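**Student:** To start, I am sharing the structure in question, which I have written as structure tokens.
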Amino acid sequence: MAAISAAEAAHRAASDRERVAWVDEHDRPLGGVSRVELRERRLIGRGTYILLFNTAGLLCVHRRTLSKALYPGYWDVAAGGMVLEGEDYRLSAERELAEELGIVDAQLTEHAHFLYDAPESRLWCMAYSAVSDAPLVLQPEEVLEARFISVEQALEEAHRLPYCPDSLAALERYIKRPLAAG
């Protein structure tokens, strides 16, 4: 793995100290813990995934920075992240979409609530979609680059490029049962 800058290391350390929502196997709140404690103890947290489309129907994919604790340098089909202690899913999704891609005031449509349980991450997830043609403003600490491509192209690329498996799980649920906007 490539070396990260001092600024990226500082961002990662601050991120690891953030208190995130801690829940049980049924998504009932248990309190808050640091991100690093959540990972180290294999506790269950909450995460949000926002599939951002433009009005042409193309999906925004972005590449994560090398300083990310999980999936550094991977491509991601969704903006999003950990729900903070005391925060609900929708507020987290709005915050993450604004922070990572600079998109504010986009209407979020809820699609799926599911448990993602993998060796590196255990999360109750809420998947949303949003449509916006606003210019992207990438958060340099978290996003290296972004582009809009078809869902089919993203799924094809996921077979040959490193893509985040948790956000692919959110995309798969969106494809299987999208809800009408409204």
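The values are calculated or read from the model by the stated rules, or taken from the named source; none is laboratory data. None of the values given here were measured: they were computed from a predicted structure. Positions of Cβ are backbone-derived with ideal geometry, glycine not excepted, and every protein chain shown enters the neighbour counts.
**Student:** I need every pair where a residue in region 132-155 that is over 25 Å from Glu172 (Cβ atoms) has its Cβ under 6 Å from the Cβ of a residue that is of a type in the set (Val, Ile, Thr) and at pLDDT 95 or above, sequence separation at least 6 or different chains.
**Tutor:** Asp133/Thr55; Ala134/Ile103
**Student:** Here are some conditions: (1) part of a loop (DSSP other than H, G, I, E, B); (2) within 23 Å of Leu70 (Cα to Cα); (3) among the charged types (D, E, K, R). Glu172 meets all but one. Which one does it not meet?
**Tutor:** Unmet for Glu172, out of (1) part of a loop (DSSP other than H, G, I, E, B); (2) within 23 Å of Leu70 (Cα to Cα); (3) among the charged types (D, E, K, R): (1).
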